There are 2 protein chains.
Amino acid sequence: MPSTPANVAAAIGRIRAVLGPAGCIEDARDVAPYLVDFRGLYRGATPLVACPASTADVAEVLAICNELGVGVVPHGGNTSYCGGATPHESGDEIVLSLRRMNRVRDVDADNFSMTVEAGCLLADVQTAAEAADRFFPLALGSEGSCQIGGNLSTNAGGLNAVRYGVARDLALGLEVVLADGRVIDGLSNLRKDNTGYDLRDLFIGAEGTLGVITAASLKLFPRLRTIETAFVAVPGIGAAVQLLARMRAATGDAVTSFEYLPRIAVELATHHVPGVTDPIERPYEAYVLCEVATARDDPQLRGLLEAALGQALEDGLALDAVIAESLAQRAALWKLRESVPEAQRAEGASIKHDVSVPVAALPRFVPEATAAVLAIVPAGRMVAYGHVGDGNLHFNVSVPLGEDGSAFLAHAPAIHEAVHEIVRRYRGSISAEHGIGRLKREALARHRSHVDLDVMRAIKQALDPRGILNPGKVLP
Amino acid sequence: MPSTPANVAAAIGRIRAVLGPAGCIEDARDVAPYLVDFRGLYRGATPLVACPASTADVAEVLAICNELGVGVVPHGGNTSYCGGATPHESGDEIVLSLRRMNRVRDVDADNFSMTVEAGCLLADVQTAAEAADRFFPLALGSEGSCQIGGNLSTNAGGLNAVRYGVARDLALGLEVVLADGRVIDGLSNLRKDNTGYDLRDLFIGAEGTLGVITAASLKLFPRLRTIETAFVAVPGIGAAVQLLARMRAATGDAVTSFEYLPRIAVELATHHVPGVTDPIERPYEAYVLCEVATARDDPQLRGLLEAALGQALEDGLALDAVIAESLAQRAALWKLRESVPEAQRAEGASIKHDVSVPVAALPRFVPEATAAVLAIVPAGRMVAYGHVGDGNLHFNVSVPLGEDGSAFLAHAPAIHEAVHEIVRRYRGSISAEHGIGRLKREALARHRSHVDLDVMRAIKQALDPRGILNPGKVLP
């Protein structure tokens, strides 16, 4: 719904009156960081970044914008890979930042739950859980800057999903402000509640297009007390998938992370990121970073890991392995893994995919999709890494050595379509954990059925009939 | 939406043509079992039980009924406690039985997933998983007769939810037929998929009012290899909750079941159900059936359990305990627990609640709610038992000894309201795992906010605009 300049001006005036100067960012210099997405794909414009300090504030802002038909772009830590939190270039959308709503409202260790506001940094959520001898398992590279509201709105996945699931699996209840300013008070510390339709999961992963998440009740777990971390050289993706199944079986399902790195990912990370080293002397085709952990003092676990690795070495599923002997060694292994995105950025232009297929299909998917990419860009450098334990690869292609970035990026649409076509054949996902935002709207239209899209549009119409919530995102 | 007799007759004629005689039950004797709910609360009428053999059949039946405005009541194993699968007395609704759609379509052990049709018995789903050396954790007293489609439609909980969550947590994807016959093909063996709104969770727990689940992709887990089962006498609910937290911590979160039984539950079960025995010689106030399990050969686990119980005995949290020494002893303990509903039925009239509160609030909730009940029926016998690990109690009251059942049942509305009022104060649920069906529609209207109910109605209107799906269920 297009809004008129007069309506936008009227909305700004009323929002100023509600939030006061502390809740309104209007100076161009201060607004600037809200206009560019994390990857630098989009540069938008806005007359106002509204920073409410309470749920009631959010409700008033949305009621005003709904009445006047002004678009609202919810904004968390601005770490979206798909432009989901960036306003359009038209400059007639308000940005709604949740950053002032950053309180941990409550940690209930006995109930293994906590309640936090949407603007809490993920790292602060983790820390508050630890302080109560509990564990909040969501873990992402961006945890120091992303916000829990954004994590829930995009249904973030990350590094521990193989054991603990994605953000959706970790939410007990939500407080949500609807487009017209009404509030769903769905905060809940219950494990079971079958009273009517599941509204919670509708807002998780909806990227702020159905309502604005203002607070959440989260599941906590006992703190992990025994953690073993191995870095394993493997002959390729097929061996990695087999090793995963063995590790799950051998350790009694204690695998918390299972990350795959091809050789080039290790080379880029050690080359570009200071302090990153290759933990194994000889180079190998690929690697797995495998962490197993239990919530008890578990002297048996190390032996189970070693025995499983020993057997894998004998069977050729593993070629070499190191096990972290100290917290510092563990941190170094994780730094290697977490440096890959930064290293890939430093290496120049890249074409990215965030895909998933059934875990057992990865060994067929990777060579097929690689061949499809190389048929288009024969010298493209495949950097396919990530969460093998969830069937989720960041199936990226870096610019050929010595070639021009923009010429390479011109192949992006063809490469996306070729990869997504193979994903569809495996009934996979074209956005496993990064969401749709603005970037993948058109791809979504090709990927989901007409029925699915119709139902999504019917729900959007039912919840946001004037279309003010994050306009032009998610739905094609 | 009321349907005319002519429309009903027209629908039946067209459905007969689609399904043939094998798919139509019309003889009064054969129809009879579909007309009464499990608890005998409702007795409905229907001119036809349609038994489609395929998703395409279901789609045709729904398209016909939608066109003609004829109500359809989806029907699984008929184990609903809330009348959710029983047609109304008016006799103008078609019953749609999923029982012929009972194939296990696929078990993928490597991907820890399986795909089953809605009419599969839960026990058959469990067995198919076991045959692939995998574990499907949903477990209910009625698992030999309930169907997985019903389990998902009601978001069933059961005995292992403390560790593995409820039905919602175990579903990867759904195939659903919409009111107008269009099919959402959402079967998925993916662990991560963020491509648009979460349609799956809208249908889980919607009790067939938004669409008919025809098949599901389910999560599997490694088979449990070490299981220890203890029956522990405790001084009361407060000690039980403290013991739960200790057990979770001491065993590294290995608690799979944690069931609470007051003394009277043991007495009723041993009295009414042949073969049930009291495992502890002396009577105690209350008991916990606690099972801990891991998916590995875990010689340490028994010792951890014994040490935790030993400490609990010293601290007065436990008063006595037995640990099952054989599969037969384990089965006997479970038979005691699972006989309680049958024993309570045999004991005569009872007034039931299926409530949850935060686990840590149970020790305050139970005495308060007990006092509220006894203020209304001073001689009522409290049989509050169940899933303490989830904060979910079947907070039931049996008729006073020697009193008339129907006089007692006349107190039901007052008792329900008194208990639910206390539940609300703890931000609990008035239907933790049994759903709403027809029984709790009016209670739902008091329990959920106007905003929640409005959103639910908007979703219902968006997905089933003619109101043919399970009319008069769930939504007030």
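The values are calculated or read from the model by the stated rules, or taken from the named source; none is laboratory data. Here the structure is a predicted model, which is why all the values come from computation and not from measurement. With ideal geometry, Cβ positions are generated from the backbone for all residues, glycine too; neighbour counts draw on all protein chains shown. Surface areas here come from the heavy atoms of the whole protein model, side chains and all, with no ligands, DNA or RNA. Shrake-Rupley method; radii C 1.70, N 1.55, O 1.52, S 1.80 Å.
Just to confirm my numbers, what's the Cα centroid distance between segment B:2-43 and segment B:66-80 in Å?
After rounding, the separation between the Cα centres reads 9 Å.
Let me check I've understood the local charge: for A:PRO465, count other residues with C-beta under 15 angstrom from its C-beta, Lys and Arg +1, Asp and Glu -1. What total comes out? Mind showing how you got there, number by number?
Numbers: positive: A:ARG182, A:ARG457, A:LYS460, A:ARG466, B:ARG457; negative: A:GLU67, A:ASP180, A:ASP464, B:ASP454.
Net charge in that neighbourhood comes out at +1.
Please report the net charge: other residues with Cβ closer than 13 Å to the Cβ of B:ALA17, K and R +1, D and E -1.
After counting each charged neighbour, the total is 0.
Short version: which residues of segment A:438-470 lose at least 40 Å² of accessible area, all chains versus chain alone, 1.4 Å probe?
For segment A:438-470, once contacts with the other chains are taken into account, A:ARG448, A:VAL451, A:ASP452, A:VAL455, A:MET456, A:ILE459, A:ALA462 lose 40 Å² or more.
Take every residue in peptide A:141-148, count the Cβ atoms of other chains within 10 Å of its Cβ, and give the average of those counts. It would help to have the intermediate numbers written out before the result.
Values: counts 0, 0, 0, 0, 0, 0, 0, 0.
So the per-residue partner count for this stretch is 0.
Please say if segment A:188-335 is rounded, prolate or oblate, where rounded means a/c under 1.5 for a ≥ b ≥ c the square roots of the C-alpha gyration tensor eigenvalues, and otherwise the choice is prolate for a/b larger than b/c and oblate otherwise? Could you put the intermediate results ahead of the total?
On the way: a/c = 2.18, a/b = 1.66, b/c = 1.31.
Cα axes put segment A:188-335 in the prolate bin.
Within segment B:140-253, what whole-number % of the accessible surface is contributed by carbon and sulfur, with the 1.4 Å probe and all protein chains included in the calculation?
Its accessible area is 45 percent carbon and sulfur atoms.
Give, ordered by residue number, each residue of segment A:388-404 whose 1.4 Å probe accessible area is reduced by a minimum of 50 Å² on adding the remaining protein chains to the chain alone.
Listed in order, there is nothing to give; none.
Choose one of B:VAL241, B:ALA321, B:MET114: the residue whose Cα lies farthest towards the positive end of the charge dipole of the protein assembly as shown (beta-carbon charges +1 Lys, Arg; -1 Asp, Glu; about the Cα centre).
Going by the Cα projections, it comes out as B:MET114.
Can you pull the one-decimal nm distance between simple spin-label points at B:ARG223 and B:ASP297, each 7 Å off the Cα toward Cβ?
1.4
Please compute, for peptide A:235-246, the average count of beta-carbon atoms on other protein chains lying within 10 Å of each residue's beta-carbon.
1
Could you give the length gained on full extension between B:ALA56 and B:ARG425, defined as 0.36 nm per residue of separation minus the Cα-Cα distance, in nm? It would help to have the intermediate numbers written out before the result.
Values: separation 369, 0.36 × 369 = 132.84 nm, distance 4.67 nm.
Once the chain is fully extended between B:ALA56 and B:ARG425, it gains 128.2 nm.
Tally Lys and Arg at +1 and Asp and Glu at -1 over the other residues with C-beta under 11 Å from the C-beta of B:ASN102: what net charge comes out?
Details: positive: B:ARG99, B:ARG100, B:ARG103, B:ARG105; negative: B:GLU117, B:ASP124.
Net charge around B:ASN102: +2.
Once a ≥ b ≥ c are taken as the square roots of the eigenvalues of the Cα gyration tensor of segment B:426-476, is the result rounded (a/c under 1.5), prolate (a/b larger than b/c) or oblate (a/b not larger than b/c)? All intermediate terms of the calculation are to be shown ahead of the outcome.
On the way: a/c = 2.46, a/b = 1.50, b/c = 1.64.
Note, shape of segment B:426-476 comes out oblate.
May I ask you to give the solvent-accessible area per residue for the protein assembly as shown, in square angstrom, as obtained with a 1.4 angstrom probe? Can you show the working numbers first?
Working: 32580 Å² over 952 residues.
Value returned for the protein assembly as shown: 34 Å² of accessible area per residue.
Could you work out how far the C-alpha centroid of segment B:93-127 sits from that of segment B:296-348, in angstrom?
32
Shortest first, in nm, what separates the label point of A:GLU368 from those of the same position in the other copies (7 Å along Cα→Cβ)?
5.7
With a ≥ b ≥ c taken as the square roots of the eigenvalues of the C-alpha gyration tensor of segment B:113-165, please select rounded if a/c is under 1.5 and otherwise prolate if a/b is larger than b/c or oblate if it is not? Can you show the working numbers first?
Details: a/c = 1.55, a/b = 1.09, b/c = 1.42.
Oblate, because a/c is 1.5 or more while a/b does not exceed b/c.
Would you pull out the residues with amide H under 5 Å of B:PHE135's amide H, same chain only if 5 or more places away, H placed 1.01 Å from N?
So B:PHE135 has HN proximity to B:PHE221, B:ARG223.
How big is the Kirkwood radius of segment B:1-148, worked out from every pair of different alpha carbons and given in Å to one decimal? Each step should come with its number before you reach the end.
On the way: mean 1/r = 0.0614 Å⁻¹.
One decimal place: 16.3 Å for the Kirkwood radius.
Rounded to the nearest 100 Å², what is the buried accessible area between B and A, both sides summed, probe 1.4 Å?
Chains B and A together bury approximately 6600 Å².
Is there a simple number for the mean count of other chain Cβ atoms within 10 Å of the Cβ of residues in A:178-191, and what is it? If you can, show how the numbers build up before the last one.
On the way: counts 3, 0, 1, 0, 6, 2, 6, 5, 4, 1, 5, 10, 14, 16.
The per-residue average across the peptide is 5.
What's the magnitude of the charge dipole for segment B:303-380 around its Cα centre, counting Lys and Arg as +1 and Asp and Glu as -1 at the beta-carbon? Answer in Debye, nearest 20.
Numbers: 6 positive and 10 negative charges, 67 e Å.
Its charge dipole is roughly 320 debye.
For segment A:68-79, what does the Karplus curve 6.51 cos²θ - 1.76 cosθ + 1.60, with θ = phi - 60°, yield as ³J(HN,Hα) per residue in whole Hz, taken in order and with x for Gly and Pro?
9, x, 9, x, 10, 10, x, 9, x, x, 6, 10
When each copy gets a label point 7 Å from Cα toward the beta-carbon at A:ALA346, what are the spacings between them in nm, shortest first?
Going from nearest to farthest copy, the values are 7.4 nm.
With a 1.4 Å probe and all protein chains in place, put A:ASP30, B:ASP320 in order of accessible area, largest first.
Result, largest first: A:ASP30, B:ASP320.
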